[in-house]
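Structure first, then comments.
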Amino acid sequence: MSAVRSVAFHTLGCKLNYSETSSLGRLLEKEGFEKKEFDEDADVYVINTCSVTDNADKECRQLVRRIQRRAPESYVVITGCYAQLKPEEIASIPGVDLVLGAAEKFNLPHHIKNLTQQQGVKICSCDIEEVNGFTASWSSQDRTRSFLKVQDGCDYTCSFCTIPLARGKSRSDSIANVAANVRELAAANTKEIVLTGVNLGDFGQPGEDFFQLVQTLDSISGIDRFRISSIEPNLLTKEIISFVSTSERFMPHFHIPLQSGSDRILGLMRRRYRRSLYSERVAWIKECMPHAAIGVDVIVGFPGETEEDFADTYSFLENLPVTYLHVFTYSERENTHALSLHDKVPVSVRQERNRKLRNLSFVKTKQFTSRFHDTIRPVLFEKADHEGMMEGYTDNYIRVQTPYRKEWINSIVDWKI
């Protein structure tokens, strides 16, 4: 190819990655590139990777092979967490042309323009300690809701986690910049914004904090809904919960990582709370907002997790008034403290524990939604047409499906559950 003029993206992982992919797409469109769907023919394919689990790494390799089969003359660029953690490993995948680490991700337009002149695979990366800048990102046009990145990186040292190694130290946008981005999204007719970050509750430049951000955004007109994405229980203060309960814009929906219901395992994980604090946060949410949805992250099969530890986790979650679980099977990650721990849990046992908690999640979700049967709640309907059906979410995150109606796209409708 004499020039690269079209680009297609694929995102692996979290809401934060989706916000960054969308921003990268806008950067390239401003440079005159045509954005295409990933299953279409394009001059270059960009895969924005995750590396929370081994499955994310495998999926990246599978995607590269798929591109090679369909469009062997196209260029392949890998960025994101996997690219920062294992650039040499990615560079060895047949078909990869460019690997961009954390510091170079948002220089993507420059690198793509030079793709036609390079010979062989190129790695552009640096030591993660050198990554200290913040680049605001948000998703737009892709869906009704916009994921807005307000914080990046993490200063915590959880023993299972590679994210600090992939994204660097905690850093944030300013409240003034976030507010300006929110107004821009409002002008584009965005109805809902999901605040995202690696460690969202740690938001704040000097003199600012997450609670101040929430208060500021609540006063901005033009956005009907805000959601707080995953936030650590020790950083989700009663002050924040109480404020959300009185807000018309912040939705009664929280996603709070637990990881384990065993205090002993929480200690081995180097988490900064114990189950008593988690219980207190959930109880306060339910006291202030009995109708609130609460999502939970939990890891099964962590080194040293005995049957008794897992039983503690299961019982703890079974008795908590939470709505749904995101269950992760522990997978060994290089350069984490957990690798040095003894008493590894057999993979088959990890998988069985995962199955049990996913079944519990199904039951919890059904119990929650059944409480609202025959009640009316506001639903924001999204753009997608799935074989004649459309879907949306209530304020408290109940998914609703109905026959497709174009006039309901990006509209909030009072809906009988």
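The values are calculated or read from the model by the stated rules, or taken from the named source; none is laboratory data. All figures in this text were calculated on a predicted structure; none of them were measured in a lab. Positions of Cβ are backbone-derived with ideal geometry, glycine not excepted, and every protein chain shown enters the neighbour counts.
Working only within the range 333-370, note down all residues that are touching a residue at least 24 places away in the same chain (Cβ under 8 Å) and outside any helix (DSSP H, G or I).
R333, E334, N335, T336, L341, H342, D343, K344, V345
Please specify each residue of the range 295-331 satisfying the condition of being without any contact (Cβ under 8 Å) to a residue 12 or more places away in the chain and of a type in the set (A, V, I, L, M).
Once the filter is applied, which keeps residues that are without any contact (Cβ under 8 Å) to a residue 12 or more places away in the chain and of a type in the set (A, V, I, L, M), the range 295-331 yields only A311.
What are the pairs, 6+ residues apart or on separate chains, where a residue within the range 173-188 that is within 16 Å of E208 (Cα to Cα) has its Cβ under 6 Å from a residue that is assigned to a helix (DSSP H, G or I) and of a type in the set (S, T, N, Q)?
Note: pairs meeting the criteria are I175/T216; A179/T216.
Of all residues in the range 284-294, count the ones that are free of Cβ contacts under 8 Å to residues at least 12 places away in the same chain and either outside any helix (DSSP H, G or I) or not assigned by TED's automatic domain parsing to the domain that holds S262 (or both).
Residues meeting the conditions: 1.
Kindly establish whether I123 is in contact with a helix residue (DSSP H, G or I) (Cβ under 7 Å, 6 or more places away or on another chain), of a type in the set (A, V, I, L, M), surrounded by fewer than 20 Cβ atoms within 10 Å (Cβ to Cβ) and not in a loop (DSSP other than H, G, I, E, B).
For I123, the condition - in contact with a helix residue (DSSP H, G or I) (Cβ under 7 Å, 6 or more places away or on another chain), of a type in the set (A, V, I, L, M), surrounded by fewer than 20 Cβ atoms within 10 Å (Cβ to Cβ) and not in a loop (DSSP other than H, G, I, E, B) - is met.
Return a yes/no flag: does the range 47-55 have any residue that is surrounded by 23 or more Cβ atoms within 10 Å (Cβ to Cβ), within 19 Å of L115 (Cα to Cα) and of a type in the set (S, T, N, Q).
yes
Out of curiosity, is T79 under 19 Å from L28 (Cβ atoms) and either crowded, with 16+ Cβ neighbours inside 10 Å or without any contact (Cβ under 8 Å) to a residue 40 or more places away in the chain (or both)?
Taking the combined requirement at face value, the residue satisfies it.
Output the helices (runs of 4 or more DSSP H) that fall wholly within the range 197-283 and possess 1 or more residues being aromatic (F, W, Y) and surrounded by fewer than 18 Cβ atoms within 10 Å (Cβ to Cβ), or say none.
210-218, 238-246
So, in the range 1-17, of the ones that are under 24 Å from A166 (Cα atoms) and at pLDDT 90 or above, which residue ends up nearest to the chain's Cα centre (by Cα)?
T11
Being within 23 Å of T196 (Cα to Cα) and modelled with pLDDT of 90 or more is the filter here, so list the residues in the range 102-134 that pass it.
Listed by number, the residues that qualify are E104, K105, F106, N107, L108, F134.
Where in the range 1-104 are there helices (runs of 4 or more DSSP H), lying wholly inside it, with at least 3 residues that are more than 29 Å from S229 (Cα to Cα) and of a type in the set (D, E, K, R)?
54-70
Do we find that S170 is crowded, with 21+ Cβ neighbours inside 10 Å, touching a strand residue (DSSP E or B) at 6+ places or on another chain (Cβ under 8 Å) and either more than 30 Å from V64 (Cβ to Cβ) or small (G, A, S) (or both) in this structure?
no
Starting from the range 386-400, keep only residues that are surrounded by fewer than 19 Cβ atoms within 10 Å (Cβ to Cβ), then list their pairs with residues that are basic (K, R) whose Cβ atoms are within a distance under 9 Å, requiring at least 6 positions of separation or different chains.
E391/R399; V400/R377
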